[in-house]
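A.B. asks: One structure, as structure tokens, below. Some questions next.
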Amino acid sequence: MSATAVAEQPRTHSTTGSDFIVETRNLTKTYKDFWGRKKKTALNALDLQIKRGEIFGLLGPNGSGKTTTIKLLLGLLFPSNGEATVFGKPAADVRKNERIGYLPEESYLYRFLNAEETLDFYGRLFEMSREQREKKSAELIELVGLKEDRKRTLREYSKGMRQRIGLAQALINDPEFVILDEPTSGLDPMGTIWMKDLIRQLRDQGKTVLMCSHRLDDVQDVCDRIAILFNGDLQELGDVDKLVEDAARVEVRATNVRLTPELKQELEAVITRHGGALESFGHPTTTLEDLFKKVVEESKARPGRRYLPTTGK
């Protein structure tokens, strides 16, 4: 079975009626030393909303606050200030985690179990019946491409194979909200394409996906919106297409017309009349990698810089 064909349709979940799965307000996490003195601010006054049914990318260099944000949302850490809600409930309420699937960067799975035993174990944690566990495990093992290796113990798996079974365990409870930390880590190019197709499929099923990745091309390919963190501060937030668009240039595309010298001359005259200069026909974009690099460099050059939402209607 390919990543674009899942046998079981997603079940209907109860909702809070909100357009946002995640909301944070002034969310701050400060680590202190033995004497209670502030050691490091891992996350500083984060204001963020993740919309229902979108793929949201969380980007930043190592130490920028991505993992801290995830742990706060899962209730594994408590904030020093501010608040976070998931499904309208406080993030510290671990009952909401029944509706969440989580793939950490390093999957801490029991390596003496095989794929079937691993998924059966996690199915038991969610109190699924034996019939449900067997059915869901078979579907997920086929989905992640491990059917031929389902009887091998995980210690025999490559990193890419462990990533696949890790994703399967994250989906065993048919979650509404899926958190993926470096989901393409260890995957070969074809595996990466497969993973990105699957992430889009999760969105098409109505699930919300939070994705952290150092591979900026992957984020640009699949994410609807992104946030860039640096040293615990939110530096940029918005739609991927708009953030990487080169707004100072205009792209013109036409069909059933030949680019003759006369047409080029006429178009150039119109553009010049409006104060521009004809370079080429196209509305080019920068890349997410270039945007990320620019934001980090500006952040280093201007300490204390923070993203501020634009005002106005």
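Every number here is computed from the coordinates shown, using simple stated rules; none is lab data. Since we're looking at a predicted model, the values are computed, not measured. Here the Cβ positions follow ideal geometry from the backbone for every residue, glycine too, while neighbour counts run over all protein chains shown.
A.B. asks: Test of understanding: given the chain, find the longest segment containing no chymotrypsin sites (Phe, Trp or Tyr not before Pro) that are in a DSSP loop and have at most 10 other Cβ atoms within 10 Å. Walk me through the numbers before you get to the answer.
C.D. replies: Working: sites that count: 34, 35, 108, 112.
Result for the longest clean stretch: 113-313.
A.B. asks: Can you say what percent of the DSSP beta bridges in the chain, counting only those with both residues inside, are antiparallel? Round to 5. Walk me through the numbers before you get to the answer.
C.D. replies: Details: 24 of 41 bridges.
About 60 percent, rounded to the nearest 5.
A.B. asks: Starting from the eigenvalues of the Cα gyration tensor, five times each then square-rooted, give me the equivalent ellipsoid semi-axes of region 158-313, largest first, whole Å. Walk me through the numbers before you get to the answer.
C.D. replies: Details: eigenvalues 286, 105, 43 Å².
Largest first, region 158-313 gives 38, 23, 15 Å.
A.B. asks: From the P(r) of region 65-127, could you give the percentage of C-alpha pairs in the tail past 13 Å?
C.D. replies: Details: 1351 of 1953 pairs.
Summing the P(r) tail past 13 Å for region 65-127 gives 69 percent.
A.B. asks: Now a separate question. So between residue 33 and residue 270, what do we pick up on full extension, going 0.36 nm a residue minus the alpha carbon distance?
C.D. replies: On the way: separation 237, 0.36 × 237 = 85.32 nm, distance 6.49 nm.
Computed gain between residue 33 and residue 270 is 78.8 nm.
A.B. asks: Follow-up question, since we're still on this one. Pairs 29/300; 136/242; 147/196; 40/242: which are spaced more than 31 Å apart, C-alpha to C-alpha?
C.D. replies: Details: 29/300 21 Å; 136/242 39 Å; 147/196 20 Å; 40/242 33 Å.
Violating the 31 Å limit, Cα to Cα: 136/242; 40/242.
A.B. asks: May I pose another question? Over region 31-116, what is the mean sequence separation of C-alpha contacts under 8 Å (at least six apart), divided by residue count, expressed as relative contact order in percent?
C.D. replies: Details: 53 pairs, mean separation 14.1, N = 86.
Dividing the mean separation by the residue count of region 31-116 yields 16 percent.
A.B. asks: Sticking with this structure for a sec: Cut-off is 10 Å between beta-carbons; in what order do 214, 274 appear when sorted fewest neighbours first? It would help to have the intermediate numbers written out before the result.
C.D. replies: Working: 214 16, 274 7.
So the residues, fewest neighbours to most, are 274, 214.
A.B. asks: Of 188, 149, 233, which has the largest mean-square fluctuation in a 10 Å C-alpha GNM of the chain?
C.D. replies: 188
A.B. asks: Mind putting a number on the dipole of the chain about its Cα centre? Charges go on the C-beta only, +1 for Lys and Arg and -1 for Asp and Glu, and I need it in Debye to the nearest 20. Mind dumping the intermediate values first?
C.D. replies: On the way: 49 positive and 48 negative charges, 237 e Å.
The dipole magnitude comes to about 1140 debye.
A.B. asks: On to the next question. Pull up all non-local amide H partners of residue 178: gap of 5 or more, or a different chain, and H-to-H distance under 5 Å with H placed in the peptide plane.
C.D. replies: Counting only residues 5 or more places away or on other chains, the set is 101, 208, 209, 210.
A.B. asks: Measure off 7 Å from each Cα along the Cα-to-Cβ vector at residue 262 and residue 300, then give the distance between these two points in nanometres to one decimal.
C.D. replies: For residue 262 paired with residue 300, the spin-label model returns 5.5 nm.
A.B. asks: In whole Å, what are the Cα extents of region 221-313 along the three principal axes, biggest one first?
C.D. replies: Each principal axis gives a Cα extent; for region 221-313 these are 55, 30, 30 Å.
A.B. asks: Let me ask something else about it. Over all directions, how big on average is the projection of the convex hull of the alpha-carbon atoms in the chain, in square nanometres? Spell out each step's value before the answer.
C.D. replies: Values: hull surface 88.1 nm².
Over all viewing directions, the chain projects a mean Cα-hull area of 22.0 nm².
A.B. asks: How large is the Rg to Rh ratio of region 179-230 when both quantities use alpha carbon positions and Rh follows Kirkwood?
C.D. replies: Numbers: Rg = 10.7 Å, Rh = 11.4 Å.
With Rh from the inverse mean 1/r over Cα pairs, Rg/Rh is 0.94.
A.B. asks: Whole angstrom only: what separates the Cα centroid of region 159-206 from the Cα centroid of region 44-64?
C.D. replies: The distance from the Cα centre of region 159-206 to that of region 44-64 comes to 18 Å.
A.B. asks: Still on this model: So what are the ³J(HN,Hα) numbers for region 26-43, from phi and the Karplus equation (6.51, -1.76, 1.60; θ = phi - 60°), rounded to whole Hz, Gly and Pro as x?
C.D. replies: 6, 5, 9, 10, 10, 9, 10, 8, 4, 8, x, 8, 4, 9, 7, 9, 7, 8
A.B. asks: Still on this structure, please answer the following. Looking only at 94, 22, 252, which one moves most when the chain is put into a Gaussian network model with springs between Cα atoms under 10 Å?
C.D. replies: Result: 252 has the largest fluctuation of those listed.
A.B. asks: Within a 10 angstrom radius of the beta carbon, how do 151, 66 rank from fewest other beta carbons to most?
C.D. replies: On the way: 151 9, 66 24.
In increasing order of surrounding Cβ atoms, one gets 151, 66.
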